[in-house]
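What follows draws every value from the coordinates through simple rules; no lab data is involved. Model, not experiment: these values are computed from the prediction. Here the Cβ positions follow ideal geometry from the backbone for every residue, glycine too, while neighbour counts run over all protein chains shown.
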Amino acid sequence: MRKIAIITMLLPLAGWAQSSLTDEFQARREKVLSMLDTSQVVVLKAINASPLANEYIQDHNFFYLTGINSPANTLLISSKGIKVGAKYRNSIIFYSDLDDVKNIKLGQNDTILQSAELRAIFSKLLPVISKLYYSAPDLVLVNDWLTDKAYFMDREMKNRMKTLFPNLKLESADYFIGKLRSIKSEQEINYIRKATNITVDGLIAAMRLAKPKVWEYELQAAIEYEYTRQGAMLRGFPSIIGSGLNNLILHYSDNTRQTQNGDLIVMDVGAKYKGYSSDITRTIPVSGRFTDAQKEIYSMVLQVQKEVIAMIKPGLSKDELEKAARNAFKRLGYESYFIHGLSHSVGLDVHDFMAERVLRPGMVITIEPGLYFSPNDKAAPERFKGFGVRIEDIILVTENGYEILSKNAPKEIEEIERLMK
Ligand SMILES: [Mn+2]
């Protein structure tokens, strides 16, 4: 007995030791460093939220390179190096609270310094570099409410920098870091997998709970209960539980309507686990049985979704996928009722930055076709008016094709009806 206990204790430890040897955050800073020439610098700031803000969500680029999930920190990466004490360092994390950085794994090029040091270092650096990649998440639009003049803080800062340092080019770090972020590591894929499994459990719970007269927020609660119960402390985005005509509102998240017999319910939801989101949509009949008209549309959307998913492989472009879906709906005669994008990248952001249009192994994307029939649409067939259907899966691009991470969320008509019985 004792032996077994020791072995099972060692297994997770071995895994942990391995991952700490190659700390992902540190490896990413090294990678960024290797992409810079000596005249370029990257500066990323943490989000500065007020302490009473509901949920703190870090700037994703800053998080990607540091793993730090708290405000008032800055990361600076310079390939030329900055003299700190007797040594030149390439990557410096400026902190306000030592607790935020005490567990950070530092490589030989890394160091930490107090935030107060940033200004002096920065002002020495700016006159001698030619390019600054930056992400400053707090620089937003500010309205002067007296004169109604709008200030884009980003533009104001750029203009001021141009006067001070005419040779310095400022560029958002989004593309630069986004290119790295679009290919997920094994650990990132595991987090997305976990977020996805939790979301699937939530959707199944909601399917079991659904019956006429249930409120949209009750279904939301059933789904988000699974998130919290399983340690996904945040949602990737506000849960969309749209019943009846609310099906037709793409980003509906009030979730305050009481369902009626005969409704379809679009549930577009995603848990966030260790910073990583999932994103799945299922459409179910509140009564547990699809009507014939609902079945007709549902089957079309499902067929198109399956057709497009089957195409996924490295080398294929996102535009080809999009075109295939449009063509498939065109063949069926319903192209004009598919009114949104087919696919997006998922990661730290539920709509992750997609730096490249071509699929590569390690990318995670959604495929989410839908058809929507407004009661006011004069051209729409009468029997379809007043409902919409969307089906969305989250998919990992692999070496040879793809893996549907959300495959355990029922989507066949018979499967859903059986589960809801
Ligand atoms: Mn989506």
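What fraction of the Cα pairs in the chain, stated in percent, has a spacing above 33 angstrom? Intermediate results must be reported in sequence, preceding the final value.
On the way: 39305 of 88410 pairs.
In whole percent, the long-distance tail amounts to 44.
Using DSSP, restrict attention to beta bridges with both residues in the chain and report what percent are antiparallel, rounded to the nearest 5. Provide the component values of the computation, followed by the final result.
Details: 46 of 60 bridges.
Around 75 percent antiparallel, to the nearest 5.
Work from the charge dipole of the chain (Cβ charges, +1 for Lys and Arg, -1 for Asp and Glu, about the Cα centre) and give the residue of I309, F387, L250 farthest towards its positive end.
I309
Over all directions, what mean area does the Cα convex hull of the range 324-369 project, stated in square nanometres?
Details: hull surface 14.9 nm².
Mean shadow area of the hull around the Cα atoms is 3.7 nm².
How do E412, E224, E368 line up, fewest other C-beta atoms within 10 Å first? Write down the numbers at each step before the final one.
Details: E412 11, E224 19, E368 23.
Arranged by neighbour count, lowest to highest, E412, E224, E368 become E412, E224, E368.
In the Gaussian network model of the chain, springs joining C-alpha atoms below 10 Å, which of P381, P285, P238 carries the largest mean-square fluctuation?
In the Gaussian network model the winner is P381.
GNM on the chain, C-alpha springs below 10 Å: top fluctuator among Q26, Q108, Q40?
Highest fluctuation of the listed residues: Q108.
Using a basic spin-label model with each label point 7 Å from the Cα along Cα→Cβ, how many nm lie between T147 and R289?
6.8 nm
Grab the eigenvalues of the alpha-carbon gyration tensor for the range 220-299, scale each by 5, take roots, and send me the semi-axes largest first in whole angstrom. All intermediate terms of the calculation are to be shown ahead of the outcome.
Numbers: eigenvalues 129, 30, 26 Å².
Sorted largest first and rounded, they come to 25, 12, 11 Å.
Return the equivalent ellipsoid semi-axes of the range 182-420 as a descending list in whole Å, where each equals the square root of 5 times an eigenvalue of the C-alpha gyration tensor. Working shown, then result.
On the way: eigenvalues 143, 103, 39 Å².
Semi-axes, largest first: 27, 23, 14 Å.
Would you work out which of T398, V346, A222 lies farthest towards the positive end of the dipole of the chain, given +1 charges on the beta-carbon of Lys and Arg and -1 on that of Asp and Glu, about the Cα centre?
Selected residue: T398.
Could you identify which residue out of G341, G202, G275 has the top mean-square fluctuation in a GNM of the chain using Cα springs shorter than 10 Å?
Looking only at G341, G202, G275, the largest GNM fluctuation is found for G341.
Of F152, S130, N103, whose Cα points farthest to the positive end of the dipole of the range 74-219 (charges on the beta-carbon: +1 Lys, Arg; -1 Asp, Glu; origin at the Cα centre)?
Positive-most Cα among the choices belongs to S130.
Rg/Rh for the range 286-353: what does it come to with C-alpha atoms and Rh from Kirkwood?
Working: Rg = 14.2 Å, Rh = 13.7 Å.
My calculation puts Rg/Rh at 1.04.
Using just the helices of the chain, give the 222 nm mean residue ellipticity in deg cm²/dmol: DSSP H runs with n ≥ 4 each add -39,500 (n - 2.57), and the total is spread over all residues, rounded to 500. Walk me through the intermediate numbers first.
On the way: 12 runs with 152 residues, N = 421.
After summing the helix terms and dividing by the residues of the chain, the value is -11500 deg cm²/dmol.
Quick check: the distance between the Cα centres of the range 192-253 and the range 313-359, to the nearest angstrom?
Using only Cα atoms, the two centres lie 24 Å from each other.
When you take every Cα atom in the range 96-149, what is the radius of gyration, and what is Dmax, the widest Cα pair distance, in Å?
16.9, 52
Just to be sure I follow: if Rg is taken over the C-alpha atoms of the range 146-221 and Rh is the Kirkwood radius over the same atoms, what is Rg/Rh?
Numbers: Rg = 23.6 Å, Rh = 17.9 Å.
Ratio value, two decimals: 1.31.
Give me the angle, in degrees from 0 to 90, between the Cα long axis of helix 292-311 and the longest principal axis of the Cα atoms of the chain, rounded to the nearest 10.
40 degrees
Taking the Cα centroid of the range 101-155 and of the range 65-82, what is the distance between the two, rounded to the nearest whole Å?
10 Å
In degrees between 0 and 90, to the nearest 10, how far off the longest principal axis of the chain does helix 2-21 point, with axes built from Cα atoms?
Taking Cα atoms only, the helix is inclined about 60 degrees.
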